[in-house]
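Right, one structure below, let's go through it.
The values are calculated or read from the model by the stated rules, or taken from the named source; none is laboratory data. Bear in mind the structure is a predicted one, so any value in this text is a computation, not a measurement. Ideal geometry is used to build each Cβ from the backbone, glycine not excepted, and the neighbour counts take in all protein chains shown. SASA here: full protein model, heavy atoms, side chains in, ligands and nucleic acids out. Shrake-Rupley method; radii C 1.70, N 1.55, O 1.52, S 1.80 Å.
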Amino acid sequence: RAGDGIQTTATEPIMIGQIQVLDFEDLELTRNRLTAAADALVQRANEVNPRLLKRGGGALKLETRVFPETQIGPMIVLHLHVNVCDAMGANIINTMVEAIAPDVEEISGGRVRLRILSNLADKRLVTATGRVPIARLGRGEWDGAEVARGIVEASVMADVDPYRAATHNKGAMNGVDAFLVAAGQDWRAVEAGCHAYAARDGRYRSLSRWHIDGDDLAEAACPVLGTIAC
């Protein structure tokens, strides 16, 4: 409160549905077929939920991801991006990917196994930033500058060391989870997605980063996956 308060921004509510394709003959040929049919598959997905379209949402695009070598052979995973408006989106997404799965099988000549929402909602982020006047951080024999330096040093450790990052992020999620539980949300889904997001660059890192900026202790952008239904 002594600074600028907490500033938040949110991206569009885009959630992802995944479709796993197996047992096709040629990887590149199958990918090209699915890519060519992407617009038609998006249109088919939107036919399932016309009310979502009326609210300004709906399926937006279909991405094709390839995994040439896995333990079960080559795999293609389709990502259906859907604007779910104010919903968490699980039922919306699952209904859409179930609906287009037979078409995907016909186009690919393969077999669809999973068709389900992903809880790694990295297209739907809430970012919070905050600034605290360093002078207001003093406590007892600790002056504000020393407290601020200690917070920065702890933050840097969390950014470079996954063992500390796990504890650091657990602390951040204490506040997030408390809100989710109070609002009757699926806190486990958000928790799983946030930790997956923390490892998005191949190394598990902290979700928040503090630094000193002039006379303030400032928190850098801290994206949290926003799979919360309003």
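Observations
- Residues in segment 1-53 that are surrounded by 15 or more Cβ atoms within 10 Å (Cβ to Cβ) and under 30 Å from T70 (Cβ atoms): 23 in all.
- Residue satisfying all of: in segment 91-118; under 21 Å from L53 (Cβ atoms) and without any contact (Cβ under 8 Å) to a residue 40 or more places away in the chain; most open to solvent (accessible area, probe 1.4 Å) among these: N91
- Of the residues A128, A148, A121, the single one that is under 24 Å from Q185 (Cα atoms) and crowded, with 20+ Cβ neighbours inside 10 Å is A121.
- Set side by side, the residues R149, R136, R188 differ, and just one is free of Cβ contacts under 8 Å to residues at least 60 places away in the same chain and either of a type in the set (G, A, S) or not in a strand (DSSP E or B) (or both), which is R188.
- Residue that is farthest from E153 (Cα to Cα) [pool: residues in segment 190-203 that are buried (at least 17 other Cβ atoms within 10 Å of the Cβ) and either polar (S, T, N, Q) or touching a helix residue (DSSP H, G or I) at 6+ places or on another chain (Cβ under 8 Å) (or both)]: V190
- Condition met for L52 (assigned to a helix (DSSP H, G or I), free of Cβ contacts under 8 Å to residues at least 60 places away in the same chain, of a type outside the set (D, E, K, R) and in contact with a strand residue (DSSP E or B) (Cβ under 9 Å, 6 or more places away or on another chain)): yes
- There is at least one residue in segment 55-77 that is at pLDDT 95 or above, of a type in the set (A, V, I, L, M), open to solvent by 70 Å² or more (accessible area, probe 1.4 Å) and under 30 Å from G184 (Cα atoms).
- Of all the residues in segment 16-31, those that are on the phi < 0 side of the Ramachandran plot and not in a strand (DSSP E or B) number 8.
- When residues of segment 152-189 are limited to those that are open to solvent by 80 Å² or more (accessible area, probe 1.4 Å) and charged (D, E, K, R), the one farthest from D215 (Cα to Cα): R188
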